[in-house]
Amino acid sequence: MENYVIIGNSVAAIAAIEAIRKKDKEGSITVVSDEPYLAYSRPLISYYIEGKVDEDRMLYRPRGFYEKKNVKTILGEKAVKVDSKTKKISLKNGQEISYTKLLVATGGLPFFPPMKGIESDGVFVFRTLDDAKKILEYSENTKRAVMIGGGFISLKAAHALRELGLEITVVELLDRIMGIALDNQGAEIVEKRLEENGIEILTKHTVSEIVSNKRGKVEAVILDDGKRIDCEMVIVAVGVRPNFKLLDGSGVKTNRGIVVNDKMETNVSNIYAAGDVAEAYDFLYKENRLNPIWPNAYEQGFVAGTNMAGGSRKYPGGMGMNSVEFYGIPSISMGITSPEEEGYEVLIKHLPDKNIYKKLVLKDNVIIGAIFVGDIDRAGIVNGLIKEQAVVRDYKADILEDSFGFVSFPIDVRKEKLTKSKSKAS
């Protein structure tokens, strides 16, 4: 009988459990997580701060999921070492757990830049439910907060705290917010809306020092140009690194993340990886890359679980994607949105007065990237076209129009899509 062990308890782990139980009803499954909670939806932690959801509504699967799937959970205990020779993992409390098949789904850890004052009381990261709880409690005695970083995570935290009435300043080193997801024109629309709602954005700057008072509590930050911003809270959100230190000495190959093949196998027999910690295939770049997003993590976890249980399933590859909405302006980016090389075709529809910006990036009449800001109605169709690597030569000029839809496809393409839909339905 197989003895499956999964380190981590987020979306990739849940997908692996579901996949394993489709093929193996009897094997033992043990989930180890340093968080004390049942699996929850991390994208909802900003809504938790705002009071829009409670812990029950954040659950990724209903209570009773683990019992129904016959899964043993060891929550609130950190795995610190994997011994691939003895097939055992060691926990921080000294306990050892044996496995026959191991999945590492440990996600990422926030990066703390070297900075004077970074250890001050009132400095937080924004990654887990515990982080959200600490921030929410601390915010009760806070009037102003500074976000270091202008990416997705930082802006979600900024929005949540602004909704609680705090004064917010976002400090971003690049010349725009959401620099990886959006280009200048797209970011400009989002930045303007955030500022209209009281969130100050300072680009082309960084925090050089966090100042604390005699009690060790944050009282200000100093920018690279010497400017002082008084505040009681600082949230550091400058990046996340894959969490794979427990694999040191295991022989598992790592690069920026844990390197896996299309079965989510590592180079060490019976050890798999999935989710934000895995460096898996990107079908647009045609190489292994980190793509830490929820849908990729689930699919990777399901592929890993299937193969751990003796099945045969391949990961087709993922792509980068971001989706967020601030104050009524939604934005979605996917794929390669700002190629640096030549040979790409770019189609743009920009309506500044309506806060609408749409962009397609094509290579040889195949869409490889897109940005939608303000109007995301056709983003799902474009996402499908990217995944299919469809040749859109005959209708590419229509894709950014409001009227674009199924009837816009050439008749042969429509017939093909209908055939595929019928085959999936049956």
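Could you list, in sequence order, all residues of the range 326-344 that are surrounded by fewer than 13 Cβ atoms within 10 Å (Cβ to Cβ) and assigned to a strand (DSSP E or B)?
Once the filter is applied, which keeps residues that are surrounded by fewer than 13 Cβ atoms within 10 Å (Cβ to Cβ) and assigned to a strand (DSSP E or B), the range 326-344 yields nothing.
I'd like to know if the range 70-88 contains one or more residues that are under 17 Å from THR100 (Cα atoms), in contact with a Gly (Cβ under 9 Å, 6 or more places away or on another chain) and either at pLDDT below 95 or of a type in the set (Asp, Glu) (or both).
The answer is yes; a qualifying residue exists.
Among the residues of the range 304-325, is any of a type in the set (A, V, I, L, M), touching a helix residue (DSSP H, G or I) at 6+ places or on another chain (Cβ under 6 Å) and in a loop (DSSP other than H, G, I, E, B)?
Taking every residue of the range 304-325 in turn, at least one turns out to be of a type in the set (A, V, I, L, M), touching a helix residue (DSSP H, G or I) at 6+ places or on another chain (Cβ under 6 Å) and in a loop (DSSP other than H, G, I, E, B).
Could you please find all residues in the range 38-69 being among the hydroxyl-bearing types (Ser, Thr, Tyr) and either more than 20 Å from ILE293 (Cβ to Cβ) or not in a loop (DSSP other than H, G, I, E, B) (or both)?
First, pick out the residues of the range 38-69 that are among the hydroxyl-bearing types (Ser, Thr, Tyr): 40-41, 46-48, 60, 66.
Result: TYR40, SER46, TYR47, TYR48, TYR66.
In the range 204-225, is there at least one residue being surrounded by 18 or more Cβ atoms within 10 Å (Cβ to Cβ), in contact with a helix residue (DSSP H, G or I) (Cβ under 9 Å, 6 or more places away or on another chain) and within 20 Å of ARG144 (Cα to Cα)?
No, the range 204-225 contains no residue that is surrounded by 18 or more Cβ atoms within 10 Å (Cβ to Cβ), in contact with a helix residue (DSSP H, G or I) (Cβ under 9 Å, 6 or more places away or on another chain) and within 20 Å of ARG144 (Cα to Cα).
Listed residues VAL234, VAL211; which is of a type in the set (A, V, I, L, M, F, W, C) and closer than 28 Å to SER10 by Cα? Don't jump to the end; show me each part of the working.
Values: VAL211 fails: closer than 28 Å to SER10 by Cα.
When all the criteria are applied, what remains is VAL234.
GLY335 - would you say it is within 22 Å of the chain's Cα centre (by Cα), at pLDDT 95 or above and at positive phi? Walk me through how you get there before you give the answer.
Values: within 22 Å of the chain's Cα centre (by Cα): yes; at pLDDT 95 or above: yes; at positive phi: yes.
Here the answer is yes, as GLY335 does meet what is asked.
Regarding the range 237-246, can at least one residue be identified that is touching a Phe, Trp or Tyr at 6+ places or on another chain (Cβ under 8 Å), in contact (Cβ under 8 Å) with a residue 24 or more places away in the chain, closer than 21 Å to ILE153 by Cβ and surrounded by fewer than 18 Cβ atoms within 10 Å (Cβ to Cβ)? If you could, list the steps in order and put the result at the bottom.
The first filter runs over the range 237-246 and keeps only residues touching a Phe, Trp or Tyr at 6+ places or on another chain (Cβ under 8 Å), leaving 237-241.
When the remaining residues are screened for being in contact (Cβ under 8 Å) with a residue 24 or more places away in the chain, the result is 237-241.
Subset that is closer than 21 Å to ILE153 by Cβ: 237-241.
Of the ones still in play, those that are also surrounded by fewer than 18 Cβ atoms within 10 Å (Cβ to Cβ) are 239, 241.
Within the range 237-246, one or more residues are touching a Phe, Trp or Tyr at 6+ places or on another chain (Cβ under 8 Å), in contact (Cβ under 8 Å) with a residue 24 or more places away in the chain, closer than 21 Å to ILE153 by Cβ and surrounded by fewer than 18 Cβ atoms within 10 Å (Cβ to Cβ).
Only residues in the range 147-166 that are closer than 23 Å to ASP183 by Cβ count as the first member; pair them with residues that are in a helix (DSSP H, G or I), Cβ under 6 angstrom, at least 6 apart or cross-chain, and list the lot.
MET147/SER154; MET147/ALA158; LYS156/SER46
Condition first: assigned to a loop (DSSP other than H, G, I, E, B), farther than 23 Å from GLU265 by Cβ and among the charged types (D, E, K, R). Now tell me which residues in the range 70-100 satisfy that. Give the derivation first.
So in the range 70-100, the residues assigned to a loop (DSSP other than H, G, I, E, B) come out as 70, 76-78, 84-87, 92-95, 99-100.
From what's left, farther than 23 Å from GLU265 by Cβ: 70, 76-78, 92-95.
Listed by number, the residues that qualify are GLU77, LYS78, LYS92.
Of the conditions (1) modelled with pLDDT of 95 or more; (2) surrounded by 15 or more Cβ atoms within 10 Å (Cβ to Cβ); (3) out of contact with any helix residue (DSSP H, G or I) (no Cβ under 6 Å at 6 or more places or on another chain); (4) of a type in the set (S, T, N, Q), ASN365 satisfies every one except a single condition; which number is it?
(2)
The values are calculated or read from the model by the stated rules, or taken from the named source; none is laboratory data. Please read these numbers as outputs of a predicted model, since none were measured by experiment. Glycine gets a Cβ as well: all are built from the backbone with ideal geometry, and neighbour counts include every protein chain shown.
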